[in-house]
Amino acid sequence: MFSMTIIAILMVVVMFVGLYLKSSPVLQEKSFWQLLSSSEWKPMKGEFGFLPFVAGTLWVTLISILIALPVSLLTAVYITEYAKPYIKRLVFPILDILAALPSVIFGVWGVLVIVPWISQHVAPHFMDFSTGYTVFAAGIVLGVMVIPLLVSLFIEVFSSVSTDLRECSLSLGATRWQTVRKVIFRQTFSGIIAATVLAVSRAMGETIAVLMVCGCVIGIPTGILDPCYPIPALIANNYGEMLSMPMYEAALMFAALILFVVVLFFNLLSRIILYRLEKRLG
Amino acid sequence: MRISKSKKISEEIAKVCMCLAMLIVFGFVFSVLWTIFSKGMKAMSWDMVSKLPGGGFYIGKEGGFLNAIVGSLYIVGASTLIGLLISIPVVFFLNVYLKKGSKVAYLARLAFDVLFGVPSIVYGAFGFTIMIFFGLRTSLLGGIIVITLLIIPIFIRTMDEATRNFPRDILDASFALGATRLETLKVVLRQIAPGIATATLLSVGRAIGDAASVMFTAGYTDSIPTSLSQPAATLPLAVFFQLQSPIPEVVDRAYAAALVLTVIVLALSITGRFITNRFSKNKV
């Protein structure tokens, strides 16, 4: 049993080493920064510039968090501070459903609902024509996907504040909303940040749903109505062709490595903050 | 004390905003479900779930996606079983053998939380490199290995949450009666059974819906795999591939497959919630 636990811990290291070894050919040819800062992507000529994909990932993640954060924060506050038990009984199963739905289902929904909506109702105000497969579409779909994660993390964080503190504030004459702002938010500020970082890392790694609505055009997006091509979509779209060219494979594995390292770092950071918070308040 | 006016107004505004936020969340959920159900019901037929793809399946002729349903069930069934066998000892080790506040337990929990956050596409890419290392082709076995890796962190973290609040007194009582640690496991198991059930349902739901990792490793095929070395189709990939087709009949099948997937996942999620509500009442 002890060895199994150790093996599990080592998994993290093994994954890093495996991906690193696989991507080493492309790293030998070009430096890390060259790969990230170049926007030339011509696999057939051996040019691998990841800038468009990195930019696509950042755009999509930013939009999704901008959509998900306010909605999730308010929902979580309502559930922990205001809601009566029967409302909680109604809300939790619905959040469960949202959390359980697979990525590909959100993709189908995005293609059927969000993409036509953007193409017909949003984009015409700003440009002549858009297919709807844009940063904005991917951001909305991703935002909806991270809402349940954010809400459940926020609920956990808010419920760790002791009832005494709340009652102190209320008995001093503060309204509930004042208590939320000046006691709960202040006590759990680090937790809110940590939860958001976790959601960011989840959004960065989402593949199928984003792949279906992002447009997959290589180029650095200049606005939210441009198509984009995030890193996970790049890996998923090219896995078939990559075997024929060792350099191409190495480049895609490098993409996976970047994703892994960023997500690993974000996760470590936010989990440690959350553990600390739990200890301090609990 | 008199509540000032601005306080009251901001309280009301906050309340309205919160209700709006809740409504937005509900709206999204119903929009997703409504889209999938209304599109899927139209395309649904008995043939879809009971037949393999026929000769001209991808140009809109007869057939169904039984291959994807069976492939998904094979992969999910096998990896859930392996996942359970690996994670129960680990959870037990973390909670019974190790003392509270142990460094190893802290590190292990951190590691599993981090693994939980690793995107499935990275698992796919990593699994793919392992498979090449061992000389495997895209196959049922590859799919099972990757999905097992993917769900173990979910298994362990969910079960661990359920076990952590487990009263230590019960352990002491069991030890005081002269039971060994292994015998105490039985007592623990009975207490955390609902936790295990919920964790299993959650993992199955995750495993059956994940497309990015099996894309690399399990491949796609029109037939039902008869051995571990053959490629296997999966439901999410069936949705994904057929949706890209220009032929309306094939796209309809993507909707039907999406409906099947959604129904499975919904059933799992609702059962999970039911078990948590029902059985956690009787816990000590």
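The values are calculated or read from the model by the stated rules, or taken from the named source; none is laboratory data. In this text, all values refer to a predicted model and were calculated from it rather than measured experimentally. Here Cβ is always computed from backbone atoms with ideal geometry, including for glycine, and neighbour counts include all displayed protein chains. Heads up: the accessible areas ignore ligands, DNA and RNA and are worked out on the full protein's heavy atoms, side chains in. Shrake-Rupley method; radii C 1.70, N 1.55, O 1.52, S 1.80 Å.
Some notes on this structure:
- Peptides ranked, highest mean first, by Cβ atoms within 10 Å: ranges B:241-251, B:97-107: B:241-251, B:97-107
- Working note: Debye formula, equal point scatterers on the alpha-carbon atoms of the protein assembly as shown, no solvent; log10 I(q)/I(0) at q = 0.07, 0.10, 0.13 Å⁻¹ is -0.43, -0.89, -1.47.
- Label point distance in nm, B:I247-B:S4, each placed 7 Å from Cα along Cα→Cβ: 7.1 nm
- The residue among B:G143, B:G64, B:F93 whose Cα reaches farthest toward the positive pole of the charge dipole of the protein assembly as shown, with charges on the beta-carbon of Lys, Arg, Asp and Glu, is B:F93.
- Charge dipole (Cα centre; +1 on Lys/Arg Cβ, -1 on Asp/Glu Cβ; no other charges) of region A:18-169 amounts to roughly 220 debye.
- A:M127, A:M145, ranked by accessible area, largest first (probe 1.4 Å): A:M127, A:M145
- Shielding by partners, peptide A:184-190 (average Cβ within 10 angstrom, other chains): 0
- Using the Cβ-Cβ distance between A:S24 and A:T222 with R0 set to 45 Å, the FRET efficiency works out to roughly 0.85.
- Within 10 Å of the Cβ of each residue in B:81-88, the mean number of Cβ atoms contributed by other protein chains is 1.
- 1.4 Å probe, heavy atoms, protein only - residues of region A:100-123 losing at least 50 Å² accessible area vs chain alone: A:L101, A:P102, A:V104, A:I105, A:V108, A:W109, A:L112
- Euclidean distance between Cα centres, region A:223-282 to region B:201-246, Å: 22 Å
- Computed [θ] at 222 nm, deg cm²/dmol, the protein assembly as shown (DSSP H ≥ 4; -39,500 (n - 2.57); rounded to nearest 500): -23500 deg cm²/dmol
- Net charge, B:L150 excluded, C-beta distance under 15 Å - Lys, Arg +1, Asp, Glu -1: 0
- A simple spin-label model places pseudo-atoms 7 Å from Cα toward Cβ; at B:F30 and A:S190 they are separated by 4.1 nm.
- Computed accessible area, B:M41, all protein chains, 1.4 angstrom probe, square angstrom: 120 Å²
- Listing of region B:29-43 residues, each with accessible area lower by at least 50 Å² in the full protein assembly than in the chain alone (probe 1.4 Å): B:V29, B:V32, B:T35
- Once the C-beta distance of A:V17 and A:K45 is scaled by a Förster radius of 30 Å, the resulting FRET efficiency is 0.50 to the nearest 0.05.
- Protein-only accessible surface at a 1.4 angstrom probe places the residues B:R190, B:R181, B:R206, A:R89 in the order B:R190, A:R89, B:R181, B:R206, largest first.
- All other residues whose Cβ lies under 10 angstrom from that of A:S64 are scored, Lys and Arg at +1 and Asp and Glu at -1, for a net of 0.
- Note on the protein assembly as shown: with charges restricted to the Cβ of Lys and Arg (+1) and Asp and Glu (-1), its dipole about the Cα centre is near 2120 debye.
- Excluding ligands, DNA and RNA and using a 1.4 Å probe, chains A and B jointly bury around 6800 Å² of accessible surface, summed across both partners.
- Shown here: chain A, whose C-alpha atoms stretch 71, 58, 30 Å along the first, second and third principal axes, sorted largest to smallest.
- Filter on A:K88/B:K5; A:K84/B:K42; A:K279/B:K8; B:K15/B:K39; A:K88/B:K99; A:K88/B:K15 - keep pairs with C-alpha separation over 27 Å: A:K88/B:K5; A:K84/B:K42; A:K279/B:K8; B:K15/B:K39; A:K88/B:K99
- Inter-probe distance in nm under a simple model that places probes 7 Å from Cα toward Cβ, at A:K182 and A:T131: 5.4 nm
- With a 1.4 Å probe rolled over the protein heavy atoms of all chains, the accessible area of A:W117, B:W34, A:W59, A:W41 falls in the order B:W34, A:W117, A:W59, A:W41, largest first.
- Difference of contour (0.36 nm per residue) and Cα-Cα distance, B:S229 to B:E11: 72.2 nm
- Local electrostatic count at A:I220 - Lys and Arg +1, Asp and Glu -1, tallied over other residues with Cβ under 14 Å: -2
- For A:246-259, mean number of other protein chain Cβ atoms within 10 Å: 2
- Linear extension gain, A:C168 paired with A:Y86, 0.36 nm per residue minus alpha-carbon span: 26.9 nm
- On the beta carbon distance between B:L52 and B:F134, with R0 = 30 Å, the FRET formula returns roughly 0.50.
- Size of charge dipole - chain A - debye, nearest 20, with Cβ of Lys, Arg +1 and Asp, Glu -1, no other charges: 960 debye
- Annotation for region A:138-181 versus region B:120-140: alpha-carbon center distance of 41 Å.
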